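Visitor: Here it is, the structure, as structure tokens.
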Amino acid sequence: MSLRRTAATRRNTGLLALAVATVVFILPFLFIFLTAVKTKQEAALLLFTWPEQWQLWQNLVDVVKTRNYMLLLAYFNSTVITAGAVALLVIFGAMVGYVLQRRPSGWNRLIYACVLIGLMVPPAVVPTIWVLQGLNLFKTIHGMILIQVAYGLAFSVLLYRGFISTIPRDLDEAAVIDGAKPWQVFFKVILPLLKPVTVTLVVVQSIAIFNDFTNPLYYLPGKDNVTVQLTLFNFQSQFQSQFNLLFMNILLVTIPPLLVFVFFNRQIVAGMTAGAVKG
Amino acid sequence: MASRRRSTYPYWFVLPAAVVFVTLFLVPTVASFWFSMTRWDLFKAEFIGWDNYRQFFKEPFLIQGLVNTLIYAVLTSATKTVLGLLLAVLLTSGLWMQGFLRSVVFFPVLVSTIGVGITFAALMHPTKGVINLALGYLGIDGPAWLSDPALALYSVALIDIWKGVGLATLIYIAGLAAISPEYYEASRIDGATRWQQFWRVTVPLVRPATVTVVTLSLIGGLRSFDIIWATTKGGPGFASDVLASVIYKQYQAGFYGLATAGNVILFLLIAAIILPLTWWFNKREVDL
């Protein structure tokens, strides 16, 4: 009796939760999709209605063609920045995490202090621009890559350090006895073993860097350097009367994280909750 | 043979990361203390002492930015913590379609902040927006969410919570999973109600997750920029300006020294809140 009642309560709570979640979390995405496929006039009403006339393809072509195919350039730039920065974050982060975990010394306190600073301190933007200008890196894609590396390193080091502690030292020693040099031990023995945490890091950092708006806004101005998020932001003023194209653009920037989420759900969860249990 | 065997873990492994981090993060951070005391055009810096800071605490809209930052950070962080814990408890109780619900709550975390901002600006439109139309059907006269100066900051905070609560929930779900079921069993045998179990077992034992959620969301809230920039740009007037948007506005206007002073103030504010908090969290850990 009481068992049946708990089962019923559970189903009802589940249904209620589902209804609330649908209204609060799903309807905004449905609104994006519906507005993105409407005509200009219909989209301008901002109503939550089924489109009278579907023009998904037309809107897609229009938004891609806007300002001389700016969106394609933006996707290209964002992809280069994300791929470059994530590759460096993997290698640099793993190297630091490895030494940090394997070789206890007085330097470790300094490295931990840097990690803490990197996680907490907001970047000093104008002085950073000054440094970038001095190095001829301001307004360049590779400068932007290095900035993303500098800002993402702390998280990367922490993630790798935690994982490397689960890999037995015997493996390093065996490789050394077999005559491997230190860099061979790391790149040929350790780094391949880090694959699970590397996947996590790649997924989490890719999303963060691809979605980043503030840093490209400061460090990467200029028409040729547009990134996906900046293009979206700029289209906000250009498309004031063309909400269908604006929302088509939002739809286009929402699809990559959706795909990543569908395929790498587990890794995202692992990366985002790292440290939550041990504190 | 050299007198000392070369380590298998050479320090030069740290070098590439250190070069990037020191040049592009530490050097600008240290330099910011100097530049915040100058009138600066990126080429020539003229020392003017504490003038930038004086100006920051004299101009009403700059002070408002500081106050708004605190309100925004505390409000979003507290709500995300409480809602996150409740949602996590709900989503670990074996609900129907639990996995799907978890994904639905979490997905906004991964979506572009600018996209979310633009979408909600449309949904929150005072006359045409879906939210106010829906409220109208219920007989409620919806407010001008983002264009009412008294409300704008809170509306943006609401969007921020919508987007970020999934991360808090996710962290809490991981924290709850680490609590041994034996505690619940023991307390049930001792006759504890669900309510007592929540306060006496769940809340104390999920503390590591609480520490993470509070710290992360507070730092994020204090540094918040893009969601505000995508919805109100700090407006109407300066009603929803926070430190990060003030810094950007001063930078745009060419007041580089003043912008950098704002940066130093933001840094000190974060340190003044997070360091004692971390210390307090750690101290309580020893007591337990």
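Visitor: How many of the residues making up region A:90-141 are outside any helix (DSSP H, G or I) and either touching a Leu at 6+ places or on another chain (Cβ under 7 Å) or not polar (S, T, N, Q) (or both)?
Guide: Keep residues of region A:90-141 that are outside any helix (DSSP H, G or I), which gives A:103-106, A:121-124, A:135-140.
Remaining after also requiring either touching a Leu at 6+ places or on another chain (Cβ under 7 Å) or not polar (S, T, N, Q) (or both): A:103-104, A:106, A:121-124, A:135, A:137-139.
Counting residues in region A:90-141 that are outside any helix (DSSP H, G or I) and either touching a Leu at 6+ places or on another chain (Cβ under 7 Å) or not polar (S, T, N, Q) (or both) gives 11.
Visitor: Does region A:98-110 hold any residues that are at the interface with chain B (Cβ under 7 Å from one of its Cβ atoms) and surrounded by 21 or more Cβ atoms within 10 Å (Cβ to Cβ), and which are they?
Guide: Of everything in region A:98-110, those that are at the interface with chain B (Cβ under 7 Å from one of its Cβ atoms) and surrounded by 21 or more Cβ atoms within 10 Å (Cβ to Cβ) turn out to be A:Y98, A:V99.
Visitor: In addition: Checking A:I167 against (1) at pLDDT 95 or above; (2) more than 18 Å from the chain's Cα centre (by Cα), which single condition isn't satisfied?
Guide: Checking A:I167 against (1) at pLDDT 95 or above; (2) more than 18 Å from the chain's Cα centre (by Cα), the one that fails is (1).
Visitor: Out of the helices (runs of 4 or more DSSP H) lying entirely within region A:186-279, which hold 2 or more residues that are facing chain B (nearest Cβ under 10 Å) and crowded, with 22+ Cβ neighbours inside 10 Å? Talk me through it step by step, then tell me what you get.
Guide: Numbers: elements: A:195-211, A:214-219, A:228-238, A:243-272.
By residue number, A:195-211, A:228-238, A:243-272.
Table: residues versus (1) more than 21 Å from A:L259 (Cα to Cα); (2) under 20 Å from the mean Cα position of the chain (by Cα).
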position	(1), (2)
B:F100	no, no
B:V105	no, yes
B:V109	no, yes
B:S112	no, yes
B:G142	yes, no
B:D148	yes, no
B:A152	yes, yes
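Visitor: For the structure I just gave you, tell me whether B:A186 is hydrophobic (A, V, I, L, M, F, W, C), surrounded by fewer than 19 Cβ atoms within 10 Å (Cβ to Cβ) and outside any helix (DSSP H, G or I).
Guide: Working: hydrophobic (A, V, I, L, M, F, W, C): yes; surrounded by fewer than 19 Cβ atoms within 10 Å (Cβ to Cβ): yes; outside any helix (DSSP H, G or I): no.
So B:A186 does not fit the description; no.
Visitor: Take the residues of region A:198-222 that are free of Cβ contacts under 8 Å to residues at least 60 places away in the same chain and farther than 19 Å from B:L167 by Cα: which is farthest from the chain's Cα centre (by Cα)?
Guide: By that ranking, first place goes to A:L217.
Visitor: B:G235 versus (1) of a type outside the set (F, W, Y); (2) farther than 20 Å from B:L42 by Cβ; (3) without any contact (Cβ under 8 Å) to a residue 12 or more places away in the chain: which is the lone unmet condition?
Guide: Condition not satisfied by B:G235: (3).
Visitor: Which residue pairs have Cβ atoms under 6 Å apart, sit 6 or more places apart or on different chains, and have a first residue in region B:107-132 that is within 7 Å of chain A (Cβ to nearest Cβ) and a second that is among the basic types (K, R)?
Guide: The qualifying pairs are B:P108/B:K163.
Visitor: Determine which single condition A:L72 fails, assuming it passes every other condition in (1) surrounded by fewer than 13 Cβ atoms within 10 Å (Cβ to Cβ); (2) more than 14 Å from chain B (Cβ to nearest Cβ); (3) farther than 25 Å from B:G117 by Cβ.
Guide: Exception for A:L72: condition (3).
Visitor: In addition: Taking the residues in region B:100-125 that are touching a Ser or Thr at 6+ places or on another chain (Cβ under 9 Å) and among the small types (G, A, S) as candidates, determine which candidate is surrounded by the fewest Cβ atoms within 10 Å (Cβ to Cβ).
Guide: B:A121
Visitor: Could you identify the single residue in A:L119, A:L135 that is modelled with pLDDT under 95, more than 7 Å from every other protein chain (Cβ to nearest Cβ) and surrounded by fewer than 20 Cβ atoms within 10 Å (Cβ to Cβ)?
Guide: A:L119
Visitor: Tell me which residues, restricted to region B:12-43, are at pLDDT 95 or above, over 25 Å from the mean Cα position of the chain (by Cα) and hydroxyl-bearing (S, T, Y).
Guide: Of everything in region B:12-43, just one residue is at pLDDT 95 or above, over 25 Å from the mean Cα position of the chain (by Cα) and hydroxyl-bearing (S, T, Y), namely B:T23.
Visitor: Among the residues in region A:139-154, are any surrounded by fewer than 15 Cβ atoms within 10 Å (Cβ to Cβ) and among the basic types (K, R)?
Guide: No, that holds for no residue.
Visitor: Any chance you could count how many residues in region B:133-155 are among the aliphatic types (A, V, I, L, M), without any contact (Cβ under 8 Å) to a residue 40 or more places away in the chain and in a helix (DSSP H, G or I)?
Guide: Total satisfying the criteria: 3.
Visitor: Tally the residues that are free of Cβ contacts under 8 Å to residues at least 24 places away in the same chain and touching a helix residue (DSSP H, G or I) at 6+ places or on another chain (Cβ under 8 Å), restricting the search to region A:32-55. Can you show your working first?
Guide: Here is the first cut: in region A:32-55, the residues free of Cβ contacts under 8 Å to residues at least 24 places away in the same chain are A:34, A:41, A:45, A:47-54.
Filter again for touching a helix residue (DSSP H, G or I) at 6+ places or on another chain (Cβ under 8 Å), leaving A:47-53.
Total meeting the criteria: 7.
Visitor: Within region B:1-99, considering only helices (runs of 4 or more DSSP H) that don't extend past its boundaries, which have at least 3 residues that are at the interface with chain A (Cβ under 8 Å from one of its Cβ atoms) and crowded, with 17+ Cβ neighbours inside 10 Å?
Guide: On the way: elements: B:15-21, B:27-35, B:51-56, B:60-90.
Per the criteria, B:15-21, B:27-35.
Results for (1) within 11 Å of chain A (Cβ to nearest Cβ); (2) β-branched (V, I, T); (3) in a helix (DSSP H, G or I); (4) more than 17 Å from the chain's Cα centre (by Cα), shown as yes or no for each residue.
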{"position": "B:P204", "(1), (2), (3), (4)": "no, no, yes, yes"}
{"position": "B:P208", "(1), (2), (3), (4)": "yes, no, yes, yes"}
{"position": "B:I227", "(1), (2), (3), (4)": "yes, yes, yes, no"}
{"position": "B:A230", "(1), (2), (3), (4)": "yes, no, yes, no"}
{"position": "B:P236", "(1), (2), (3), (4)": "no, no, no, yes"}
{"position": "B:A244", "(1), (2), (3), (4)": "yes, no, yes, no"}
{"position": "B:V264", "(1), (2), (3), (4)": "yes, yes, yes, yes"}
{"position": "B:L269", "(1), (2), (3), (4)": "yes, no, yes, no"}
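Visitor: Scan region A:14-50 residue by residue and report those that are over 28 Å from the mean Cα position of the chain (by Cα) and loosely packed, with under 15 Cβ neighbours inside 10 Å.
Guide: Hits for region A:14-50 are A:L15, A:L16, A:A19, A:Q41, A:L45, A:T49, A:W50.
Visitor: From the list B:L222, B:L167, pick out the single residue that is in contact with a Pro (Cβ under 9 Å, 6 or more places away or on another chain), part of a helix (DSSP H, G or I) and surrounded by 22 or more Cβ atoms within 10 Å (Cβ to Cβ).
Guide: Residue meeting the stated conditions: B:L222.
Visitor: Please specify each residue of region B:135-160 satisfying the condition of being in contact with a helix residue (DSSP H, G or I) (Cβ under 9 Å, 6 or more places away or on another chain) and farther than 25 Å from B:N68 by Cα.
Guide: Once the filter is applied, which keeps residues that are in contact with a helix residue (DSSP H, G or I) (Cβ under 9 Å, 6 or more places away or on another chain) and farther than 25 Å from B:N68 by Cα, region B:135-160 yields B:I140, B:D141.
Visitor: Determine which single condition A:Y151 fails, assuming it passes every other condition in (1) closer than 27 Å to B:Y9 by Cα; (2) over 15 Å from the mean Cα position of the chain (by Cα); (3) part of a helix (DSSP H, G or I).
Guide: So the condition that A:Y151 fails would be (2).
The values are calculated or read from the model by the stated rules, or taken from the named source; none is laboratory data. All figures in this text were calculated on a predicted structure; none of them were measured in a lab. Reconstructed Cβ throughout: ideal geometry from the backbone, glycine too, with neighbour counts over all protein chains shown.
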